[in-house]
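Coordinate-derived values only; no laboratory data. All values derive from a computational prediction rather than experimental measurement. Because the Cβ atoms are built from the backbone with ideal geometry, glycine has one as well, and the counts that use them run over all protein chains shown.
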Amino acid sequence: MPAILPGQTDIYALTDSRLSLGRPLAVVAGALLDAGVRILQYREKKFKAGKMLEECRLLRRLTEKAGACFIVNDHIDIAMLVGADGVHIGQEDLPVPEVRRLVGPDMLIGLSTHSPEQAVAAVNAGADYIGVGPIFATQTKEDVVDPVGFDYLDWVARNIELPFVAIGGIKAHNIAEVARHGARCCALVSELVGARDIPAQVEAVRLAMRQGLGQ
Ligand code: 3NM
């Protein structure tokens, strides 16, 4: 298991080739990891399985070298084949107990949630951490639900023991507020992989998050 897990205080970066300004995955992931990102999720919606497997093998190597946690979005088979630390699934995917049967006791299972009912169900189903979002409007995810704002985040922070990760429209300029609402771990896509200067952006985001946490 990597030293850091989703839910612990950190930023959580997700890949997205459409937003990466044409840079190869190895360059983007390398920049994120060199800048100190320690939780990385591979998220590609439109690629063929063979390409995803190849890219996840690459990310597994890079994250292993960096001592970072590596999560694969949606594709349980690929997560298992590359020895990822975790798999992240959505409400429409296989039920968590069935995913657990496939991946075994050690692989982390993250589940996206958008309401208190879904959060409680995730806990009861045995998820290891939950995504909480979208906090703000986002164009990154297709068929995304309406922003849940801070109401749902506040509720999770008060009522749910499971580690949670805030996501959706989080940027350097608003992450401090998200942290002040109880999110110790924040996931970002466009703000990080879409930055021209990824190391500078990681630093700006981290600084703002620390301010929000009062550190
Ligand atoms: N999941 P950005 S929102 C992948 O609410 C994802 O579960 C969400 O992208 C959820 O940081 C989202 O560019 C996209 O807004 C987040």
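Name the residues in region 5-32 that are of a type in the set (G, A, S), more than 14 Å from I167 (Cα to Cα) and touching a residue at least 24 places away in the same chain (Cβ under 8 Å), would you? Hits for region 5-32 are S17, S20, A26, A29, G30, A31.
Consider only pairs whose beta carbons are under 9 Å apart and that are at least six residues apart or on different chains; among these, list those whose first residue lies in region 113-131 and is more than 14 Å from I89 (Cα to Cα) and of a type in the set (G, A, S) and whose second residue is in a helix (DSSP H, G or I) and within 11 Å of the ligand (Cβ to nearest atom). Close Cβ pairs satisfying both conditions: S115/Y152.
Might you let me know whether region 76-85 holds any residue that is within 16 Å of the ligand (Cβ to nearest atom), over 30 Å from L207 (Cα atoms) and surrounded by fewer than 20 Cβ atoms within 10 Å (Cβ to Cβ)? No, that holds for no residue.
Yes/no matrix, rows are residues, columns are (1) within 9 Å of the ligand (Cβ to nearest atom); (2) of a type outside the set (D, E, K, R); (3) more than 15 Å from P6 (Cβ to Cβ):
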position: H114; (1), (2), (3): yes, yes, yes
position: N124; (1), (2), (3): no, yes, yes
position: I135; (1), (2), (3): yes, yes, yes
position: Q139; (1), (2), (3): yes, yes, yes
position: V145; (1), (2), (3): yes, yes, yes
position: H173; (1), (2), (3): no, yes, yes
position: R184; (1), (2), (3): no, no, no
